[in-house]
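The values are calculated or read from the model by the stated rules, or taken from the named source; none is laboratory data. Just so it is clear, the structure is predicted and the values come from calculations on it, not from any experiment. In this analysis, Cβ positions are derived from the backbone assuming ideal geometry, glycine residues included, and neighbour counts consider all displayed protein chains.
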Amino acid sequence: MFYEHQVQTNKRVELYNITTQVKSTIKDSGVKEGICHIFVPHTTAAVTINENADPAVKGDITNEMNKVIPFSDNYQHAEGNSAAHIKASLFGFSETVIIKNGNPVLGTWQDIYFAEFDGPRRRRFVVKVIEG
Ligand code: ZN
């Protein structure tokens, strides 16, 4: 089963929680045991899994990424968003989670985040749910 979701990000750099959308997608699929693959079809956004309890962690991650990969650094790419391209490649464009009893297997403190690096924008991500 293939699904496509829309996301409206709110900041230039942001970790946007998509766990609820992924869980409802798995529920809609009816798959109880299998694999859920999440893919971001953009070059300046990504997907990651990290802390869901303390929101300060998201801020620490994005603040540190902005320091490690500065917005301006004599990049050659004319569009002016090379930092976003680099961050997206470092995070990666897909995550795979195992489905057990109709739910994604995540740690207590883990959620799934759409990683925006060149927002705010209307974005999308796709999900493939495979029974097995
Ligand atoms: Zn670009």
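Taken together, the residues in segment 105-132 that are out of contact with any helix residue (DSSP H, G or I) (no Cβ under 6 Å at 6 or more places or on another chain) and either among the β-branched types (Val, Ile, Thr) or over 22 Å from Asn66 (Cα atoms) (or both) amount to 13. Residue count for segment 63-94, restricted to those that are without any contact (Cβ under 8 Å) to a residue 60 or more places away in the chain, touching a helix residue (DSSP H, G or I) at 6+ places or on another chain (Cβ under 6 Å) and within 14 Å of the ligand (Cβ to nearest atom): 3. Annotation: of all residues in segment 110-132 being of a type in the set (A, V, I, L, M, F, W, C) and not in a loop (DSSP other than H, G, I, E, B), the one that is farthest from Thr20 (Cα to Cα) is Ile130.
Taking the numbered list (1) surrounded by 16 or more Cβ atoms within 10 Å (Cβ to Cβ); (2) modelled with pLDDT under 95 in turn, Pro55 passes all entries but (1).
Selection within segment 17-49: residues that are assigned to a strand (DSSP E or B) and buried (at least 20 other Cβ atoms within 10 Å of the Cβ). The member of this set that is farthest from the ligand (Cβ to nearest atom) is Cys36. No other residue among Ile130, Ile98 is loosely packed, with under 13 Cβ neighbours inside 10 Å and away from the ligand (no atom under 15 Å from the Cβ) apart from Ile98.
What are the residues in segment 55-109 that are part of a strand (DSSP E or B) and out of contact with any Leu (no Cβ under 8 Å at 6 or more places or on another chain), if any? The answer is Ser94, Glu95, Thr96, Ile98, Ile99, Lys100, Asn103, Pro104. Of all residues in segment 116-125, exactly one satisfies the criterion of being away from the ligand (no atom under 16 Å from the Cβ) and either buried (at least 20 other Cβ atoms within 10 Å of the Cβ) or at pLDDT below 95 (or both), namely Phe125. Scan segment 101-115 for residues that are over 13 Å from Ala46 (Cα atoms) and surrounded by 12 or more Cβ atoms within 10 Å (Cβ to Cβ) and the total you get is 6.
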